1. With the convex hull built on the Cα atoms of the stretch 272-371, state its orientation-averaged projected area in nm².
2. For Q161 and A6, what is the calculated FRET efficiency with R₀ set at 22 Å and r taken between the beta-carbons, to the nearest 0.05?
3. Tell me the GluC sites (Glu not before Pro) within the stretch 292-370 that lie in a loop according to DSSP and have at most 13 other beta-carbon atoms within 10 Å.
4. Taking amide H positions as placed in the peptide plane 1.01 Å from N, state which residues far from G496 in sequence (5 or more) or on other chains have amide H under 5 Å from it.
5. Once phi is turned into ³J(HN,Hα) by the Karplus curve 6.51 cos²θ - 1.76 cosθ + 1.60 with θ = phi - 60°, what whole-Hz value does each residue of the stretch 471-477 show in order, with x for glycine and proline?
6. Give the order of W108, W347 when sorted by the count of other beta carbons within 10 angstrom, beginning with the fewest.
7. Please list, by residue number, everything in the stretch 314-334 whose backbone N is under 20 Å from a paramagnetic label point 7 Å out along Cα→Cβ of L295.
8. Just grab the label-to-label distance for A386 and L308, each label 7 Å out from Cα along the Cβ direction, in nm (one decimal).
Amino acid sequence: MAGVPAAGIAVLLWAVVDLVVAPPPPEWLALAALTVLTGSFTVKIPGLVARLSVSEPFVFAATLLFGPAAGAITAALDALIMSLWLLPGLKTLHRLLFNVSVLVVSIWVSSQMFFVLAGLDPRAPVYPSLGAFIAPLYVFTLCCFLLNSGLVAVALSYERQQPALEIWRSQFLWLSVNYFSGASVAALIVVYAKTIDFAVIGIVLPLLAISYLTFRTTLGRLEDTNRHLVQVNKLYLSTIETLAMAVDAKDQVTHGHIRRVQQYAMGLAGELGVVDRKQLQAIEAAALLHDMGKLAIPEYILNKPGKLSPSEFEKMKLHASIGADILSAIEFPYPVVPIVRHHHESWNGGGYPDGISGTQIPIGARILSVVDCFDALTSDRPYRPALSTESAIKIILERRGGMYDPLIVDTFISALPRLTASLAVIEPSPETIQAIARLNAPRVEPVEAATGNDGLAHADVLPLFSLLESLPRGFDPNALALLLLSRVSRFAPLDGCVVFLVGPSNADVVAAGVAGAVPLSFCGTVIPFGGRIAGWAAATRSAVRNSDPVLDFGPLVGSFASAMAIPLHNSDTVVGVLTFYSNSDTAYSADHQRFAELLAAQVAELYGSKQTDSREVPAEPPTPDQWPGWLELDRVLAFDHNSISKWSPLSLISIDADGVSPLICSAVGDHARQAVRLGDLAFRLADTEFLLLLPKSSPETAAAVSDRLRASITAVSHASTVRVVATTCAGDELLVTALRRVREHRAQRPGSGRHGHAVH
């Protein structure tokens, strides 16, 4: 575009010389003055740095009456005045030269064509009637409009990196009306006004004033509408991005994946020559939302450290169609839903969900599948560390022509250095970070009660907790693994156990204790944070359930088929990982996981920094006439306060069956025993009194259990006198305050408290 200012300067020099050789009549000065005056009244074109004025009639009239030289000088004055209305930051020398030169060149070239076609002398033209030059006038106007608007559109395309034709069609085409109306007014002036006097000015200026006010009002409303649309679109995109962040956060070690995929996809689309604005907007939004369907995928599948089973993979495959179904409820102005639905289709037709192939797959989906795969391969995953760029490219090339479009693969690999260099690190806002933290915060979900005698943790659980509490700090991990293997196998399927402790570098875990079918050679194995199963649990501080043990053991896996890993953390510090292994496939339930987490809270105390040795004691010391059920509760109260606090929120359910027969009381005890979950504690405080302790239970869980108890007890006893009351405590208000309430209630009932014992 540097040639435009050069051409404009050359035309102006020629025009100045021509006017000196043959000066125009004084009327030209009047037209020039009117041009300067009306050029000061400009209206900004919405969405552009260009401005619109109503000075065209006087520029055209000066050109038609006094020739190309006078027209070029008049156009230069018009462009100069209009440029002065630009924002201060836009008043640069090169922009000023370009604006002036574009209009000067447009007027000069168009006027030369006009006088040739009309057969008139440029220095002294005579216009007897409109019909004599109407066709050349239209050519003159059209040529001037195309040159002026076209050159400005090309300049803006360089500045905005958008197609010039798209800018011209959307922003300048409608301005042709202004040019033709200006040429019409100029034609009337040159034919019917013999001189430029006050009468002519008095007729023309009101028309131009009306035109100016009309343009100003119309374009002002258009600009307000555009500003509103920009604000709505910004809010809309912010909402999409926040939702995408939430989806990204659910996949716990791929934070930033969606953002990187978006930047790769947009860069690759540009390399492929995708210029359609709606298609680019669709790719930009789909890159953020392509994993929307993962919201419907269970987290134990989504974050499983290991190969998915066939049934799990079938569930995972649903995320593409589910995401499309969710987004189909939104009326996108561009085709987002097809890209989201088909981003796992294969070039050879072997993909999902619809099995389409080749160019039937939207180009946005083909782009997304390649960049999504590359970023996944070069990022840490639960089942493997990140691959190198070279290894990822090798895998993508192996899938070229099978899974992926060959053209897109070739373009992506050739452009990869540029795409990687242009990646921007985009940090989420503090509000988004807080929202994600709330999303990932541990929540206590209601758990169904046990339905039989298996998996119940009554008399055996409390001694295990008490035994772990009595062990010395730094207890031999091998002995601990053997102890857990022998005791926990009563409650959960357990064929092997490993106690991992954090290494000296605080960046890995070391197999410090092994038991069961775990090979002795595995002891001492170092696993980095984020690697395998144990490293994943340590890095994310999240439990892993029913993963493939081969990830931890490799060829040493033996007969293990399922693994469960629970992080050991003391306050905010991870001190190790407790892993259980079973020979059965998918052996561990959510109830098993919860029970293991309660154990892990005790085990973590053995290897973490001990903050205090103080112990909570009952508000009232035990007395000899207390029954065994109360003595068991006193043992619970003797636990280290730090250990008990990890049970928070703790729910207590008291059952008072006063007034029913001993047989019914036994049935009540059986129902209480069946209602609790693995890790809960049940006590019989007297003949007719029972107490259930539910660690890590929300008020909703306690209410659900108590309602179920009340209904089942009423059904067997047919007595409305059985009272079931649930209480939930959090923080320091754990056992002491709650049990004081139970004691006070018991003290008000003389005659109770006979033959109390723990429920078996």
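Every read-out reported here was derived from the displayed coordinates using simple, explicitly stated rules and does not represent laboratory data. Keep in mind that this is a model prediction, so the values were computed, not measured. Cβ: placed from backbone, ideal geometry, glycine included. Neighbour counts: every protein chain shown.
1. About 6.8 nm², averaged over all directions.
2. According to the calculation, E is roughly 0.35.
3. Here the GluC sites (Glu not before Pro) that fit, given the DSSP loop and packing criteria, are E331.
4. Correct list: A517, Y581.
5. Whole-Hz 3J(HN,Hα) from phi for the stretch 471-477: 5, x, 4, x, 3, 3, x.
6. Arranged by neighbour count, lowest to highest, W108, W347 become W347, W108.
7. 315-334
8. Label-label distance for A386 and L308, simple model: 2.3 nm.
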